[in-house]
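The values are calculated or read from the model by the stated rules, or taken from the named source; none is laboratory data. Note that the coordinates shown come from a computational prediction; the quantities given were computed from them, not determined experimentally. FYI the Cβ positions are ideal-geometry reconstructions off the backbone, even for glycines, and counts take in every protein chain you see. Surface areas here come from the heavy atoms of the whole protein model, side chains and all, with no ligands, DNA or RNA. Shrake-Rupley method; radii C 1.70, N 1.55, O 1.52, S 1.80 Å.
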Amino acid sequence: MTYFAQALIQGLTLGALYAQFALGIAVIFGVMRMMNFAYGELIMAGGYAFLIVGASNPIYGVITALVVTAVLALILERIVRPLRTREATAMLVGTFAVSYLLQALATLIFGANPKTGSAGSSLLQTASVGSLSISYLDILTLCSSVVLMVLLTLLLNRTRTGLRLRAVAEDSSMARILGVRMNVVIPVAFVVSGVLAGVAAVLLVAQTGTAQPTLGVNPLLIAFIATILGGLGTFRGAVAGGMLLGLVTAFLSFYLPSSAKPFTSSIGYVAVIVVLVLLPNGLISSRNLRTRV
Amino acid sequence: MTYSQFRRRGFSVELGVLLGVVILCGLAATAASEVTSGVITQGLISLLLVVSLYIFSGNSGIVSFGHPAIAFAGAYAASLFIIEPGQKAMTVPGLPEALISAQSSAVVSVAIGAAFGAVFAGVVWLPLVRLSGIRSSLASFAVLLVVLNVANNWQDVTGGQTGLSGLMYAPSVLSICIWTMASLVVAAVYGASRSGRRLRASREDEVAAEACGINIALERWIAIVVSGAVAGVAGAIYAQYLGTLTPSMFGLDLDFLTVAMLLVGGMFFLRGAVVGALLLTAVAGIFGRIQNGGTFGFITIDPYPGLAQVAFALLTLIVVLVRPEGLAAKPPQFIANWLHRRREGKAAGVDTVEDSAEKTSMEVHS
């Protein structure tokens with residue numbers, strides 16, 4: 001029972017983190033049908049910012065990380081703006097190139113070896129409740145995810161900007177005809193994505209205490225699986241997909257025989273292929289994604 | 001056969017020029033210094049990979065991120081046959097006895113790689129050919145991730161992260177040239193075949209093609225099998241050239257490099273594959289030398305790790321933004337003028353139909 005509860009706690013924290021990763025991708029996919037491969041590098045940049053600035057004062061570190069990721073997201077938006085009218089593949093390759101560029105720049109500036117620091121390491125202490133143990137960082141992860149999702153829900157459902165965002169995600173050409181300004185709405189989505197990346201970066205770096213140019217690769221792949229599982233372009237789907245993936249990963253790592261553990265991520269990728277082939281709109285589908293002639 | 005019949009089968013002047021470029025590269029590689037020759041050889045190997053990507057992506061219009069997985073499969077199958085049985089028994093004890101003792105010559109092993117690449121692609125892509133556009137690209141990316149994950153962890157069979165080593169043959173410049181030229185011919189002949197033309201029709205307009213009775217999934221499947229065979233050759237040659245085979249050789253870096261090369265050159269054109277692969281290899285090679293530091297004439301440069309990648313990514317990004325159809329999509333002005341004059345002088349024949357078809361496809365994408 002304790003073992004199960006421990007797995008559940010682990011699953012929920014992982015799920016919360018993964019849902020955050022996935023939301024960052026889904027927000028952008030929703031408004032411009034673009035799979036943002038450079039999202040992982042936003043996290044990487046935020047991670048370096050937090051590690052370097054946060055060494056003296058964690059609060060400043062968090063702020064710097066958020067500013068860096070948000071600004072980078074805005075720059076990315078400017079770069080891919082000309083690609084908006086082109087087919088999805090061009091955007092895919094554009095963000096792939098930006099991702100490669102940022103990774104190479106990080107190697108150029110910080111070197112290829114991991115940089116270590118102590119930013120946020122105090123969070124790694126664990127609290128015990130009965131026979132269960134949970135680290136402060138896990139609690140922080142859960143809380144920050146809940147807070148971010150509440151804020152995002154409020155933004156989407158209670159503000160005019162949110163209304164416009166949802167309108168663009170639903171049908172971008174119709175929204176444009178009705179006077180929604182794409183050059184305002186899409187940057188907002190990128191900033192939201194950047195902030196999500198910044199928080200994710202802080203949580204990741206606090207966990208491991210290291211940053212390297214390839215820091216963002218794993219979060220990107222996780223977000224990639226989660227958004228496709230949940231249905232590309234829906235916000236609910238991204239959260240559900242992330243949660244599901246986190247829970248499944250945690251339970252597999254607790255219950256799978258150790259010889260099979262390295263193959264856990266393959267299960268996720270195979271699930272992606274199965275979902276794409278059998279349920280092209282994901283587990284939670286949105287009507288507007290169907291292509292019409 | 002008359003010239004126009006040859007042309008309809010894919011043997012155009014353009015193919016001749018491309019084959020000539022490969023021969024020139026081969027000659028340059030034998031004449032140049034060791035470093036330069038290495039860069040040129042790498043360019044030709046990249047070209048092999050990019051051609052295999054072109055066969056599928058260029059004709060179907062779907063960017064595949066899964067080709068390194070096929071290349072790895074082919075390289076793995078080929079490499080197994082050119083490693084000492086004693087060494088195989090140590091690194092990959094999980095294989096059946098027959099495979100551990102099996103051995104072959106270099107050429108046969110490359111052929112085995114081609115066959116395995118084709119089979120692998122044919123089986124894995126069976127469900128994927130039904131997908132279009134971005135979904136197909138993402139699914140092929142997932143295929144690559146599965147293959148990398150399995151290859152990295154299935155220690156007994158793939159050798160895990162350290163992979164296979166002790167490949168007995170290193171390919172000569174001549175054999176690399178021959179394989180590259182063969183792949184170009186395969187790509188041109190496939191492109192001119194019925195299946196290739198049907199697939200390009202589906203690329204231009206999926207709905208219209210389907211309405212004309214084209215079975216898009218079937219044509220895509222044929223393309224991926226042909227493309228898989230070439231990818232298998234490319235992987236096998238790449239592994240032989242380096243003398244080892246590890247999953248990380250076929251990781252996300254190679255994935256990005258090959259896709260970028262094809263897009264920079266021009267995804268819908270065989271000449272695009274050649275221009276992209278050779279140009280970007282040259283850029284990477286030049287910046288790679290600067291990045292390693294050293295003295296160039298009067299200038300001394302400190303080493304900057306990552307510089308070559310920055311140059312590579314910037315160039316790709318600029319081309320994707322500024323010339324989305326690729327650098328080689330339209331011929332340079334003086335060649336265009338010459339072609340125009342040549343066509344003006346010629347009476348209307350079978351060729352005109354094809355030329356106008358090519359022209360419209362260019363207009364659609366420019």
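Odds and ends about this structure:
- Solvent exposure of the protein assembly as shown as accessible area per residue, Å², 1.4 Å probe: 43 Å²
- Minimum 10 Å² accessible area buried by the other protein chains, the stretch A:248-275 residues, probe 1.4 Å, relative to alone: A:P262, A:F263, A:S265, A:S266, A:Y269, A:V270, A:I273
- Based on the Kirkwood approach, the hydrodynamic radius assigned to the stretch A:135-293 is 17.7 Å, with every pair of different Cα atoms included.
- Minimum 40 Å² accessible area buried by the other protein chains, the stretch A:210-242 residues, probe 1.4 Å, relative to alone: A:L221, A:F224
- Top positive-direction residue, dipole computed over chain A with Cβ charges, set A:A206, A:V277, A:I59: A:V277
- Counting protein heavy atoms only, the stretch A:2-289 has 67 percent of its accessible area on carbon and sulfur, 1.4 angstrom probe.
- Partner chain coverage, peptide B:319-325 - average Cβ within 10 angstrom: 4
- Area hidden from solvent between A and B (accessible, protein heavy atoms only, 1.4 Å, total, Å²): 3700 Å²
- Three-way shape call for the stretch B:3-251 based on the alpha-carbon gyration tensor, with the a/c threshold at 1.5: oblate
- Under a Gaussian network description of chain A, with springs only between Cα atoms under 10 Å, the residue in A:V199, A:V150, A:V168 that fluctuates furthest is A:V150.
- Computed over Cα pairs, the Kirkwood radius of the stretch A:2-289 leads via Stokes-Einstein (0.890 mPa s, 25 °C) to a diffusion coefficient of 127 µm² per second.
- Charge dipole (Cα centre; +1 on Lys/Arg Cβ, -1 on Asp/Glu Cβ; no other charges) of chain A amounts to roughly 900 debye.
- Relative to the Cα centre, the charge distribution of the stretch A:45-166, modelled as +1 at Lys and Arg Cβ and -1 at Asp and Glu Cβ, gives a dipole magnitude of about 580 debye.
- Dipole axis of the protein assembly as shown (+1 Lys, Arg; -1 Asp, Glu on Cβ), positive-most option in A:M243, B:I70, A:I75: A:I75
- Farthest toward the positive end of the dipole of the stretch B:3-251, out of B:L47, B:F11, B:A32, is the Cα of B:F11, where the dipole comes from beta carbon charges about the Cα centre.
- Value of [θ]222 nm, deg cm²/dmol, for the protein assembly as shown, DSSP H segments ≥ 4, -39500 (n - 2.57) each, nearest 500: -24000 deg cm²/dmol
- Anisotropy class of the stretch B:193-323 from Cα gyration tensor, a/c 1.5 cut: prolate
- Shielding value for B:141-151 is 6, the average number of Cβ atoms from other chains within 10 Å of each residue's Cβ.
- For chain A, the longest principal axis of the Cα atoms and the long axis of helix A:2-32 meet at an angle of about 20 degrees.
- A straight line joining the Cα centroids of the stretch B:249-270 and the stretch B:67-87 runs 22 Å.
- Three-way shape call for the stretch A:86-194 based on the alpha-carbon gyration tensor, with the a/c threshold at 1.5: oblate
- Here the dipole of the stretch B:3-251 is about 660 debye; that uses its Cα centre as origin and unit charges on the Cβ of Lys and Arg (positive) and Asp and Glu (negative).
- In the protein assembly as shown, lysine pairs closer than 30 Å at Cα, eight or more apart or cross-chain: 5
- Coupling constants for the stretch A:78-91 follow from the phi torsions by the Karplus curve (6.51 cos²θ - 1.76 cosθ + 1.60, θ = phi - 60°), and in residue order they are 4, 5, 8, 4, x, 7, 4, 7, 8, 5, 4, 5, 4, 5 Hz; glycine and proline get x.
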